[in-house]
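Engineer: Got a structure for you, written out below as structure tokens; questions coming shortly.
Bear in mind that the values in this text are calculations on the coordinates, not laboratory data. Here the structure is a predicted model, which means the values were calculated and not measured. FYI the Cβ positions are ideal-geometry reconstructions off the backbone, even for glycines, and counts take in every protein chain you see.
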Amino acid sequence: MKKLNYWGLVFFTLLCFDIGYAQIEEEQEVGLTCDQKADLLQRNWANSDQFSEELKREMLEYIQPCINQGNSDADYMYATLVFLQETTTEETATGVSILKRLADEDRNVDAMRMLGIYYKNAFDIHTMNRSKLDAYLAESLYWFEEAEDNGDDFSKYALGYYYLKGLGNTDPDYDRAMEHFERSDQPMAKHWEAVMHYFGYEEREDQEKGIELLLENDIINSQTLASFLSEQQPTVYTLSEDYEQAIYEYQEDISSLLVDDLVANFSGVFAEFCWQGEQIKRAAPINIKFEQGSDNHELEYQITLLDTTITGTGQFSDNTLYLDHTLPVKNMYKDNPVADYITYQITDIVFDEVNGSSDDPDIMVGRVNGALLEYNEPLPPIFVALYKGSSTPVDPEDVDYRIYPNPMSFYVNVQYDIEELNTTFVEIYDQMGILKVSSDVSVEEKSVSLRFDVRDYPEGIYFVKIHIGDTVIDATVVKD
């Protein structure tokens, strides 16, 4: 079994052991009883980061003869050691069985909490059996609820996290999540409370309060996020009306699509929503090329999202493209000083063809399913909305564009022409490479005219990026 990963917080300071092999061997020679062995281990718990793998294995074997002998302390320490290291399937099963007995019969709150953590992290997300993942998360939720009912503070935080994201058998409930975060003294509870205020979950937007809570919370996650937000305002994303309407009208199992319906080049938008599915959190251009595979149900794909391209072959049936591919995606905000990207494991995309208006082509909408690998969790609501587009690359030299006035003072206009149907949007960056503004991602076959309000921009040089399909046209403009 893999060691538990305590998602964003070291759950509790477990097991720091100051004794070594010599003392264990010495005590074994003396012939201690199981009560004395348990007492010896209890007296030497300290910082777990001082454990070597060899010592943890030695400790597990030292206490193993004492399990299921009527000594709850020995049982609990054995289970704890199991979850601190790589163990056999049999050892893991024994550890879980012990914890369940301690939780059910002794009402041991620590055992309940550990079971919640075990079922949150034990599932091998790479196998991506969604029903099994949901069952593990539901079991985890149950034990956190049991622990909270018995006064456990960490479980208040854990349940807030579950209610925020709709994990287990719950639906996302921001009010319930906030209530639990506010009741918990865990630093990560305060971190998520700040995030909910800053980004306005359930109409709570209060950026000043969010920053204040982050600065008061002396953990690396909060300090990193506070620093990030002080340097860069998160981009506010919106969707063009055609994409927003198409995603709203999306329904699984309505269209009856064939492989031939997808064999084309598509351009569109990758839209990621908050967990309740109400607020757009990310909108990025996406290009997908599908080709017929070796049989009637096989599709070869090339997916380009921002600066990442993945290729592979998937099976298509019942409107669903089954694939198994990881996609690194840049974090929307930074609260981990060493991680700029998160890994999406995409398992399938369920498509529905949404009819356009009389003047507009149909839009292919797909619900993207999978998992966040680093967190052992399902993906938030993600959709792709796609038009069949041109496969002809755009030569930047052939694009007629104007950026004016330059220098700019109050507004800047960006105008350009698109000859063939293609995805397009415009971004403006400052000299530090910080994104100042981004237009809606749309699909056009016409002249594009955009105006940006730059009154609050400091004086200096700014960089304009015009995106048309996979092509980026770079220009500069001055604010005086």
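Engineer: By how many degrees, between 0 and 90 and to the nearest 10, does the Cα long axis of helix 174-183 differ from the longest principal axis of the chain?
Structural biologist: The two axes meet at around 40 degrees.
Engineer: I need the calculated FRET efficiency for the pair E427 and N150, taking r as the beta carbon distance and R₀ as 56 Å, to the nearest 0.05.
Structural biologist: Working: r = 51 Å, r/R0 = 0.91.
Computed FRET efficiency for E427 and N150 comes out at 0.65.
Engineer: Ranked by Cβ crowding within 10 angstrom, fewest neighbours first, how are C66, C274 ordered?
Structural biologist: On the way: C66 22, C274 19.
Ordered by Cβ neighbours within 10 Å, fewest first: C274, C66.
Engineer: Spin-label point model (7 Å from Cα, Cβ direction): what's the D362 to Y411 distance in nm?
Structural biologist: 3.9 nm
Engineer: Quick check: Cα centre of the range 382-438 to Cα centre of the range 332-356, how many Å?
Structural biologist: 23 Å
Engineer: So how much slack lies between R402 and D124, counting 0.36 nm per residue of separation and subtracting their Cα-Cα distance, in nm?
Structural biologist: On the way: separation 278, 0.36 × 278 = 100.08 nm, distance 5.22 nm.
Between R402 and D124, full extension yields an extra 94.9 nm.
Engineer: Computed FRET efficiency, Cβ-Cβ of R183 and L306, R0 56 Å: what is it to the nearest 0.05?
Structural biologist: Details: r = 39 Å, r/R0 = 0.69.
Calculated transfer efficiency: 0.90.
Engineer: Rank the residues E420, E91, E231 as a footprinting-exposure proxy: fewest other Cβ atoms within 10 Å of their Cβ go first. Walk me through the numbers on the way to the answer.
Structural biologist: Details: E420 13, E91 18, E231 10.
In order of increasing Cβ crowding within 10 Å: E231, E420, E91.
Engineer: Now for a separate question. How would you rank 362-372, 133-143, highest first, on the average number of other Cβ atoms within 10 Å across their residues? Please list the in-between numbers first.
Structural biologist: Numbers: 362-372: 21.4, 133-143: 19.2.
Ranking, from highest mean packing down: 362-372, 133-143.
Engineer: So if R0 is 51 Å, what FRET efficiency would T33 and L215 give, r being the distance between their Cβ atoms, rounded to the nearest 0.05?
Structural biologist: Numbers: r = 52 Å, r/R0 = 1.02.
Between T33 and L215 the formula returns 0.45.
Engineer: Kindly rank 446-452, 267-273, 466-472, 36-42 from highest to lowest mean number of other beta carbons found within 10 Å of each residue. All intermediate terms of the calculation are to be shown ahead of the outcome.
Structural biologist: Working: 446-452: 13.4, 267-273: 23.9, 466-472: 19.3, 36-42: 17.3.
Peptide ranking by packing, descending: 267-273, 466-472, 36-42, 446-452.
Engineer: Residue separation times 0.36 nm, minus the C-alpha to C-alpha distance between D453 and D395: what's the value? Please report the intermediate quantities before stating the final value.
Structural biologist: Numbers: separation 58, 0.36 × 58 = 20.88 nm, distance 2.88 nm.
Full extension from D453 to D395 adds 18.0 nm.
Engineer: How would you rank 334-343, 185-194, highest first, on the average number of other Cβ atoms within 10 Å across their residues?
Structural biologist: Taking the mean over residues of other Cβ atoms within 10 Å, the ranking is 185-194, 334-343.
Engineer: Mind giving me the nanometre distance, one decimal, between the label points for T89 and T471, set 7 Å out from Cα along Cα→Cβ?
Structural biologist: For the pair T89/T471, the computed spacing is 5.7 nm.
Engineer: If the cut-off is 30 Å between C-alpha atoms, which lysines fall inside it for K37, apart from same-chain ones fewer than 8 positions away?
Structural biologist: Qualifying lysines at Cα under 30 Å: K2, K3, K56, K100.
Engineer: Relative contact order (percent) for the range 85-179, with alpha-carbon contacts under 8 angstrom and 6 or more residues of separation?
Structural biologist: Here the relative contact order equals 21 percent.
Engineer: Follow-up. So if each residue of separation counts as 0.36 nm, and I subtract the Cα-Cα distance between Q251 and E420, what length gain in nm does that give?
Structural biologist: Details: separation 169, 0.36 × 169 = 60.84 nm, distance 2.91 nm.
Length gained, Q251 through E420: 57.9 nm.
Engineer: Using the structure shown, select from K156/K190; K190/K330; K156/K330; K132/K330; K330/K388; K281/K436 the pairs with a Cα to Cα distance greater than 21 angstrom. Don't skip to the end; give the middle numbers.
Structural biologist: Values: K156/K190 12 Å; K190/K330 24 Å; K156/K330 30 Å; K132/K330 28 Å; K330/K388 26 Å; K281/K436 16 Å.
In this structure, K190/K330; K156/K330; K132/K330; K330/K388 lie more than 21 Å apart at Cα.
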